[in-house]
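Here's the structure we're looking at; comments come further down.
The values are calculated or read from the model by the stated rules, or taken from the named source; none is laboratory data. Treat the numbers as computed from the prediction; the structure is a model and nothing was measured. Every residue, glycine as well, gets a Cβ built from its backbone with ideal geometry; the counts of neighbours run over all protein chains shown.
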Ligand code: AP5
Ligand code: MG
């Protein structure tokens, strides 16, 4: 684990003892497995930035940027945005000041080449990923979850009409902006995303297993239970 860089913001509690250290975590899992939900909770608890490439693309689409227009072509079909576009955005983001003390990657890497680029960039800094948390949910559960999801395109918060409804219908609790059904959450697009996941992203499970940092949690459990299992892993 990356305990060699002391820092002040990330504080994990080991019983009464308090330890401060940098932590770099990757969330793996199928679309809709709950990566974003858990990432948000972990980031809030440990005060590390939640870096989601999907949220970055959606913010660019919302703001009508060139990057957003290009990414939308792929996202609307449930396809991955090409590595050339994605890798640079991610590396620029993690080079920012707030990521110096750890970060949590949600939705990146998603292909072996992306993982290799990240690995190389970290190795050059004498650094490495501490944990790749695989949130495991079978395909059968996914389509149902997606139709109930509502997302805030401004701050990236995620809700579920049944499981985590916002306090006021259609309004984000965190920033007050409108909640929407994502364009790529239509059932036919979700099926494409699952297919793409199995082909291009699932091999990352073995990639991180071989590095000895893979940990798998049962994502079909209620959100709080999933979160508790992740905390147990991080605080071991
Ligand atoms: P991205 O935004 O990353 O989407 P995704 O991986 O398809 O995953 P989702 O955000 O849909 O699901 P999630 O696992 O975060 O689940 P959530 O927590 O919301 O990417 C979108 C697109 O951008 C990609 O398809 C691609 O085109 C492009 N892209 C992004 N990164 C890229 C990259 N690196 N390379 C190339 N292209 C890239 O949960 C789902 C729902 O279930 C929610 O409603 C939630 O409330 C509910 N829920 C969560 N946990 C539970 C639980 N335990 N029990 C019951 N309900 C739960
Ligand atoms: Mg997400």
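Taking the stretch 137-163 as the region of interest, how many residues are farther than 26 Å from residue 49 by Cβ and either assigned to a loop (DSSP other than H, G, I, E, B) or in contact (Cβ under 8 Å) with a residue 40 or more places away in the chain (or both)?
The qualifying residues number 8.
Please count how many residues of the stretch 55-88 are modelled with pLDDT of 95 or more and closer than 21 Å to residue 126 by Cα.
Residues flagged as modelled with pLDDT of 95 or more and closer than 21 Å to residue 126 by Cα within the stretch 55-88 amount to 1.
Just one of 101, 84 is more than 16 Å from ligand 2 (Cβ to nearest atom) and surrounded by fewer than 18 Cβ atoms within 10 Å (Cβ to Cβ); which is it?
Selected residue: 84, the only one of 101, 84 that is more than 16 Å from ligand 2 (Cβ to nearest atom) and surrounded by fewer than 18 Cβ atoms within 10 Å (Cβ to Cβ).
Residue 166 is checked against (1) touching a strand residue (DSSP E or B) at 6+ places or on another chain (Cβ under 8 Å); (2) assigned to a helix (DSSP H, G or I) and fails just one. What number does that condition carry?
(2)
On the basis of being part of a helix (DSSP H, G or I) and either within 14 Å of ligand 2 (Cβ to nearest atom) or modelled with pLDDT of 95 or more (or both), does residue 30 make the cut? Quick ask: steps written out before the conclusion?
Working: part of a helix (DSSP H, G or I): no; either within 14 Å of ligand 2 (Cβ to nearest atom) or modelled with pLDDT of 95 or more (or both): yes.
Criteria not met by residue 30.
Residue pairs, Cβ under 6 Å, 6 or more apart or interchain, first in the stretch 195-208 and closer than 10 Å to residue 28 by Cβ, second in a helix (DSSP H, G or I). List them.
204/115; 207/115
In this structure, does residue 44 turn out to be closer than 27 Å to residue 137 by Cα and at pLDDT 95 or above?
Taking the combined requirement at face value, the residue does not satisfy it.
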